[in-house]
1. Can you tell which of Leu287, Leu134, Leu359 shows the greatest fluctuation in a Gaussian network model of the chain with Cα springs below 10 Å?
2. Relative contact order of the chain: what whole-number percent is it, with Cα pairs under 8 angstrom and at least 6 residues apart?
3. Between Ala354 and Arg77, what FRET efficiency comes out of the Förster formula 1/(1 + (r/R0)^6) with R0 = 30 Å and r the beta carbon distance, rounded to 0.05?
4. Could you give the length gained by full extension between Phe387 and Glu95, i.e. 0.36 nm per residue of separation minus their alpha carbon distance, to one decimal place?
5. Would you work out which of Ala160, Thr64, Tyr122 lies farthest towards the positive end of the dipole of the chain? Charges go on Cβ: Lys and Arg +1, Asp and Glu -1.
6. Mind pulling the per residue volume of the convex hull built on the Cα atoms of the range 42-122? Å³ is fine.
7. To the nearest 20 debye, what charge dipole does the chain have about its Cα centre, counting +1 at the Cβ of each Lys and Arg and -1 at the Cβ of each Asp and Glu?
8. Ignoring everything except DSSP H segments at least 4 long, calculate the 222 nm mean residue ellipticity for the chain; use -39,500 (n - 2.57) per segment, divide by total residues, nearest 500.
Amino acid sequence: MIKNIVSSVLLAGAVIAHAQQPATPVPTSTLPTPVPGQVVEQKPQAIPAPPQLAATGYILVDATTGSIVAEYNSEQRLPPASLTKMMSSYLVVDELEKGRITEDTMVNISVKAWKMGGSRMYVKEGTQVSVIDLLRGVIIQSGNDATVALAEFISGNEDAFVDAMNQKAAQLGMVNTHFENSTGWPAEGHLTTAKDLAVLARAIINDHPTHYPLHAEKHFFYNNIRQPNRNLLLFRDETVDGLKTGHTEEAGYCLVASSKRENTRFIAVVMGTENESARAAETQKLLAYGFRYFQTQQLYQAGQQVSTSRVWAGKTQEVTLGIPNNIVLTLPKGREQALQANMHINEIIKAPIAAGQELGNLTVELDGQLLVNTPIVALQAVEEAGFFARLMDNLRLFFRNLFS
């Protein structure tokens, strides 16, 4: 069974290490060469504490690895306001990308959708609007009317859609989240956390790359009304390309933002700031800290050869060894050269060997802290040799063990 063991390195309160299997390999220029066990001591680089934000709760996460770089009250259950629409749009895009609906599918606008207050796309009752226009109305304009229209279209009514939202939240591991409606309209028990929203943001980015660029669109024109995206960072920082704003009196001003620079993407979730300008400024502080001190680094690719080993009683005398999964870490900048990779390979390897069979393990450490412990596996199968070849190898092994 493939097993990744990930240990976190705590530097200035930041969890910085993780191993996972990303959908797309991240380019790397540094590859730790596995060695028998020699460790070169280097002094850890000092990293300042993360900035303290004027917000009720926040978190900064590496979108590729899921590693937490900074957090405060990240598991406190808070009203999410229109950040709720991230889940609503996720479910709609899921239907699109699974081919159950198309962007051009027309949606009937109900009286309930038309009467929704708050942020609106200004759809009219009794008309039909395409799925893609309504989706833009949800993501860019934060339209409550567009959200309800899509919820009714996907599930028949909003209550059934909300049930699907809660099921998906559970599947994604959003353990402290419960939705009461599709829009984020204030309701008792409608709560989530900064950490759960970061989980959802990662799912949106990684699961739906085709439609993710919708979150970067700055304006949407519909019904002769041109409305801007409320995410001010889209207009201030060209590396920011999403995701969603939210505001109610109870929730305050909230923002989930994502930014990518070179091979590193961070997600910042900031909840409960005082005004629209503050939520942008506080979020920008969090992103700046992440990019200043940390980077995403791919160390090994799935199927990459790391060694070869002698095979006893096999049709071939050598097996190629490799890593079953991509290994990606969130590291302090400039520390990749200090990584220590060590291989531990089974002393005696006998055929038959199946492709993918575990034959050892590889560990990666930084400053004495274990970051990765992953299996080393056979990259191809090795069949048993014939009777006499097996007999000879078994005799060699006997004498080898006798005199070792």
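1. Largest GNM mean-square fluctuation: Leu359.
2. On the way: 917 pairs, mean separation 84.0, N = 404.
Worked out over the chain, it gives 21 percent.
3. Numbers: r = 47 Å, r/R0 = 1.57.
About 0.05, to the nearest 0.05.
4. Working: separation 292, 0.36 × 292 = 105.12 nm, distance 5.71 nm.
Taking Phe387 through Glu95 to full extension adds about 99.4 nm, to one decimal.
5. Looking along the dipole axis, the top candidate is Thr64.
6. Values: hull volume 15.1 nm³, N = 81.
Cα convex hull per residue, to the nearest whole number: 186 Å³.
7. Numbers: 33 positive and 39 negative charges, 160 e Å.
The dipole of the chain has a size of about 760 debye.
8. Values: 9 runs with 107 residues, N = 404.
Taken over the chain, the calculation gives -8000 deg cm²/dmol.
Computed from the coordinates by the stated procedures, all read-outs in this text should not be read as laboratory data. None of these values were measured; they are calculated from a predicted model. As a convention, Cβ positions derive from the backbone with ideal geometry for all residues, glycine included, and neighbour counts pool all protein chains shown.
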